[in-house]
Amino acid sequence: MKEPERLTPQQFELFQKFIFEFCGIKLDPTKITLVSNRIRRRLLATQCPDFSAYYQLVTSRAGAAELPEFIDAITTNETWFFRTPSNFEWFKNTYLQELLREKAEGKREPHLRIWSAACSSGEEPFSLAMCLSEASVSLRGWTVDIVGTDISESSLALARAGLYKKRAMQEMDDARIRRHFTEEPSEIFRIRPTIQNMVAFKKHNLMKPMNDKPFDCIWIRNVLIYFNRESKAKVIENLVRSLASGGYLVVGPSEGIYDMLGMLQKRGTFLYQKQ
Ligand SMILES: C[S@@+](CC[C@H](N)C(=O)[O-])C[C@H]1O[C@@H](n2cnc3c(N)ncnc32)[C@H](O)[C@@H]1O
């Protein structure tokens, strides 16, 4: 079988429209070679003779099992622990103090619900769990729910496995690594059960409403860069609906949504609060 070289512009448009309607990601036409290479891997895996046959497969009912593989091939899942450390410093030093103060003043119950929306392989929600575990003495008696969601099943499988390479720990010092991981052979690190058990992972498409109890703090970072304004607006609507009143939205540096959050109160460069 002769391998197809690259998607034609017409084929690219078909895939672009399909993925946009499914998960809001707008593939950039200047990335046609990258996208072709990523889809070509799926062509080989599914033994489809060409891009058109693969398009037929992935958009058909019979190709339902291939759809998650296609999404995985297209999405960018890179992440690491404590990415953008200032966000976690706010969480651990400022936000937790605010919660404790509100509790002491009788303004809130000792419950905390956090959502890491688009968590990839789990580094973001696990970093939040580590912050909470490090503050466990002050948080005695509190119940904490941390939910990590992503559209990519293979990323969620990695998150549930809890095994990481040293590369993912570039922002962590050795003491923190030793505290929260055990080292396995071949420089693989296993997250300790105390942290692992704090996070529940589930599959979720940000284009859909979350259908869960409201969250006190939602993290949406390094994902909306791939969305166009229309799908960003849909995601923001869904996130704001899931935010408890007084709750915070933590936004990544490249989301491109700062001018779309007028319904929230700006509290910092990356931080928005629902009134
Ligand atoms: C680069 S990772 C970001 C991980 C983490 N939030 C961080 O900041 O490091 C982007 C993630 O967004 C996920 N994603 C893309 N579109 C999505 C959608 N429509 N719904 C849910 N997750 C999506 C991808 O699968 C990928 O795991």
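Each reported figure results from applying straightforward, stated rules to the coordinates on display, with no laboratory input. This structure is a prediction, so every number in the text was calculated from the model and none was measured. Using ideal geometry, Cβ is built from the backbone for each residue, glycine included, and neighbour counts are taken over all protein chains shown.
So how much slack lies between residue 183 and residue 134, counting 0.36 nm per residue of separation and subtracting their Cα-Cα distance, in nm?
So the extension gain works out to 15.7 nm.
With the crude spin-label approximation of a point 7 Å out along Cα→Cβ, what separation in nm comes out for residue 260 versus residue 153?
2.8
Only Lys, Arg, Asp and Glu count, each charged at its Cβ (+1, +1, -1, -1), so figure out the dipole size of the stretch 9-74 about its Cα centre, rounded to 20 debye.
Here the stretch 9-74 has a charge dipole of around 100 debye.
Can you sort 111, 180 so the residue with the fewest Cβ neighbours within 10 Å comes first?
By the 10 Å Cβ count, ascending: 111, 180.
Report the calculated FRET efficiency for residue 76 and residue 18 (r = Cβ-Cβ distance, R0 = 22 Å), to the nearest 0.05.
My answer for the efficiency is 0.80.
What FRET efficiency would be calculated for the residue pair residue 171, residue 97, taking the C-beta separation as r and a Förster radius of 25 Å, to the nearest 0.05?
0.70
Arranged by the count of other C-beta atoms within 10 angstrom, fewest first, what order do 263, 172 take?
Sorted ascending by nearby Cβ count, the order is 263, 172.
Which residues does a label at residue 38 reach in the stretch 142-180, if reach means a backbone N under 20 Å from a point 7 Å past the Cα toward the Cβ?
Counting only backbone N, you get 149-159.
Quick one: helix 123-134 against the long Cα principal axis of the chain, what's the angle to the nearest 10°, folded into 0 to 90?
So the helix axis and the longest Cα principal axis differ by about 10 degrees.
Rank these for me by crowding, 245, 121, going from fewest to most other beta carbons within 10 Å.
Ranking 245, 121 by Cβ neighbours within 10 Å, fewest first, gives 245, 121.
If R₀ is 22 angstrom, what is the calculated FRET efficiency for the pair residue 240 and residue 84, using the beta carbon separation as r and rounding to 0.05?
For R0 = 22 Å, the calculated efficiency reads 0.55.
222 nm [θ] for the chain, helices only, -39500 (n - 2.57) per DSSP H run of 4+, per residue, to 500?
-11000 deg cm²/dmol
Given Cβ point charges of +1 (Lys, Arg) and -1 (Asp, Glu) and nothing else, what value in debye, to the nearest 20, does the dipole of the chain about its Cα centre take?
Charge dipole of the chain: 300 debye, to the nearest 20.
Skipping prolines and chain starts, which residues have an amide H placed within reach, meaning under 5 Å, of the one on residue 217, given they are 5 or more residues away or on another chain?
Under 5 Å from the amide H of residue 217 lie the amide H atoms of 113, 115, 248, each far enough along the sequence or on another chain.
Normalised by the residues of the stretch 9-74, what does the relative contact order come to in percent, with Cα pairs under 8 Å and at least six apart?
Computed value for the stretch 9-74: 30 percent relative contact order.
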